[in-house]
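I have placed the structure first, in the form of structure tokens, so that the comments after it can refer back to it.
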Amino acid sequence: MPKDYEARGRPTREPKNRKIQCRIDEDTDSVLVTYCEDKRVSESEAIRRGIRKLADEIGNEN
């Protein structure tokens with residue numbers, strides 16, 4: 001394999017190339033942690049689901 005090969009992890013049809021960071025308060029963190037534990041998903045997946053709900057909300061306004 002070439003030295004400059006950078007593929008990591010499992011192959012995916014939906015690559016996630018954008019990384020974001022944000023600061024959240026303790027109450028929001030508690031909600032996130034509880035959701036992740038209940039649904040058995042990662043924090044990243046929980047946040048993606050939240051963003052999709054926002055997209056649905058925007059779609060309902062138009």
**Request:** Name every residue in the stretch 35-50 that is surrounded by 11 or more Cβ atoms within 10 Å (Cβ to Cβ), assigned to a helix (DSSP H, G or I) and either of a type outside the set (A, V, I, L, M) or out of contact with any helix residue (DSSP H, G or I) (no Cβ under 6 Å at 6 or more places or on another chain) (or both), in order of residue number.
**Result:** Tyr35, Cys36, Lys39, Glu43, Ser44, Glu45, Ile47, Arg48, Arg49, Gly50
**Request:** Test each condition in (1) modelled with pLDDT under 95; (2) surrounded by 10 or more Cβ atoms within 10 Å (Cβ to Cβ) for Lys19 and report the one that comes out false.
**Result:** (2)
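The values are calculated or read from the model by the stated rules, or taken from the named source; none is laboratory data. Because the structure is predicted, anything quoted here is derived from the model rather than measured. Cβ sites come from the backbone with ideal geometry, for glycine too, and all protein chains shown count toward neighbours.
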